[in-house]
Structures are given as structure tokens and as C-alpha cells.
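Single-structure report; data block below.
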């Protein structure tokens, strides 16, 4: 890999973006990617339409990007389709609802190359609000809990694929994403990279912006999907059992109590960040939201346990 790093100018980058019904987000993402500081002849953008109802292709055709289609639902299946056709020695991942900074590719590649035996770089994911001066309680909660990327990389040994860089050679070594997973596939893949003795690095200067979820409906979909991803991973690893189901439900209930108490007494809702909530009205709203989210998670665990199918990622 050190030989590969000697001449950066010859490295070609493939940026892979899975998308499902997000024309507006994709437009902003592609616009940001078309104005990168990295040499425009040295990277390609691959958009994988994951069987959207919206006209994704017409959006892609307005930019210098490649369009491909994947009918099987799941963002990790879509990313694998992008990997299959990618030409790059370095593979970068982001999502259709993300807006990369102008130097995103340049900084991500530099971090990857300057780190010996690097297998994965996870960049900063900054959550933004619709109205920055008046964020809703849902937006606040999402901004604090959604993407603690530094914690993901340094403690949990993976990077959220909203902002990740790796070498093609690493993918060849550890394999691509688990196509059976609709959520948590980034965690499962990153853990494989770590287990193969590659180094994982967090890059605070390699950023993308991600809009905060702002409604209860969006939060319900998010946490139901996350529970489904856990369930699918447990099924895939043959670790799922009745006792695990019961422990998970009890953990959800216990954690809701702990999180509410932390919010009330320490004004924090995520130990991975230092953000505190000083607004009393926001504390009340966030308490309601925490209880709602844990209800969603418990209900989804029960639904899946009795034969339901996990939701798509």
C-alpha cells in the first residue's frame, strides 16, 4: 500500500452514492461534488438508483456522473453495485442527502494516504438544521445522537458510510458489504476491516453536511430501521434467540429511563458528545421524544420476533 501512495497524482477516486427517492438531496450532493478541489479528471461519481419511484436518472444526467440501477432494496446492496463498476483505486462513500465540503475528496484521500496500513477513514458528519436559530427538539436530538463519527471510528471500529474512504485493495481483502443487511452494514464491514489489522482513522477536516431529521415520522422510520439492522445481523450471525430478544427489550426500557435521568440531571443525552441542553422546554420535548423512540424500538423488536420483515436502509 505504501507503493500505491508514492504518486498521488495517478490515483483515481470513485465516489459511490446510493439513492432512494431523494431527488432534492441528490441535486445538492452532486452540485457539491462537481465543485471539488480534487482534479476533475481524477475522480468519478457513481449514483446507484435503488429502485426509486422518482426520476433519479434525469438528475444524474445533468451532472458529470454515472447512473446505474439496483432493484434489490437496501443501501448496502446498492453500494456493492457501485463498487462492482467503480474504476478507482480509492473508493469514497457518501449519501444522497449529504453535502460534501469543497475539499472533501482532497482531504479524505490525503488522510488515507498519509496513514500507514490505513483501511478506512471516517470523516466528520455535521448535522444542519432547517432554521439554525430555531431548531426543533427532534432536530436537536438527531444532531446530538445521529453521527458521533469520532466515537464510531475510535471506539466502535467502523465509519458511517455517509462519509468514508477506503482502498479498493482493502475491499478486495475483506470483501464488500453484507447484502443481507438493510442497516448496520457499515458497522459490520468496518469491524471486518479492523479485524483484518488495518488502521481506522477519524478525519475531522474531511466533512460533509447532513440535514437533521425534523419529524416524529422520520425518527420512527430511522429507529425501526436500526432495530431491523440489528435483527438481520443477529440472524446472519446465528446469534438471535428468545433470550436475546428479551434482553434487548429490557435494555431498551432501561436505557430510556437512564437517558431521561441523564437529560434531567446532567442536561446531556449522549455520552459520546459534550453537548448540553439548557433550555427547559427543549428538555421536556426531548424527554417525550426519548420515550417515543424507545417505544418504537420495543414495538419493532416484537414485530420482527413474531415474523415481520426489517425495513429497508
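None of the figures in this text is laboratory data; all of them are computed from the coordinates on show. Predicted, not measured: the structure shown is a model, and the values here were computed from it. In this analysis, Cβ positions are derived from the backbone assuming ideal geometry, glycine residues included, and neighbour counts consider all displayed protein chains.
Relative to the longest principal Cα axis of the chain, at what angle does helix 216-236 sit, 0 to 90 degrees, rounded to 10? So the helix axis and the longest Cα principal axis differ by about 70 degrees. Taking one quarter of the surface of the C-alpha convex hull of the range 252-313 gives a mean projected area of 5.1 nm². Spin-label pair residue 253-residue 204: with each label point 7 Å from Cα along the Cα-Cβ axis, the two points sit 4.1 nm from one another.
Of 106, 61, 126, the residue with the greatest mean-square motion in the GNM of the chain, using alpha carbon springs below 10 Å, is 61. Only Cα pairs within less than 10 Å get springs; with that Gaussian network setup on the chain, which residue of 63, 158, 265 has the largest fluctuation? Fluctuation is largest for 265. Computed over the range 246-285, the range of Cα coordinates on each principal axis works out to 36, 21, 13 Å, biggest value leading.
Tell me, what is the FRET efficiency for residue 58 and residue 126 to the nearest 0.05, using R0 = 30 angstrom and their Cβ-Cβ distance as r? Efficiency, from the Cβ-Cβ distance: 0.55.
Quick check: convex hull of the Cα atoms in the chain, volume per residue, rounded to a whole Å³?
It comes to 131 Å³ per residue, whole-number rounded.
The length gained on full extension between residue 191 and residue 217, counted as 0.36 nm times the residue separation minus their Cα-Cα distance, comes to 6.3 nm.
Could you compute how fast the range 216-305 diffuses translationally, taking Rh as the Kirkwood radius over C-alpha pairs and applying Stokes-Einstein at 25 °C with viscosity 0.890 mPa s? Give it in µm² per second.
Answer, rounded: 174 µm²/s.
Fully extending the segment from residue 243 to residue 21, taken as 0.36 nm per residue of separation minus the present Cα-Cα distance, adds 76.2 nm.
Would you please give the FRET efficiency between residue 151 and residue 261, computed as 1/(1 + (r/R0)^6) with r the Cβ-Cβ distance and R0 = 30 Å, to the nearest 0.05? After rounding to 0.05, the efficiency reads 0.90. Build a GNM of the chain with springs between Cα atoms under 10 Å: which of 53, 22, 97 gets the top mean-square fluctuation? Highest fluctuation among the options: 53.
In this simple spin-label approximation, residue 31 and residue 268 carry label points 7 Å from Cα along the Cα→Cβ vector, and these lie 3.8 nm apart.
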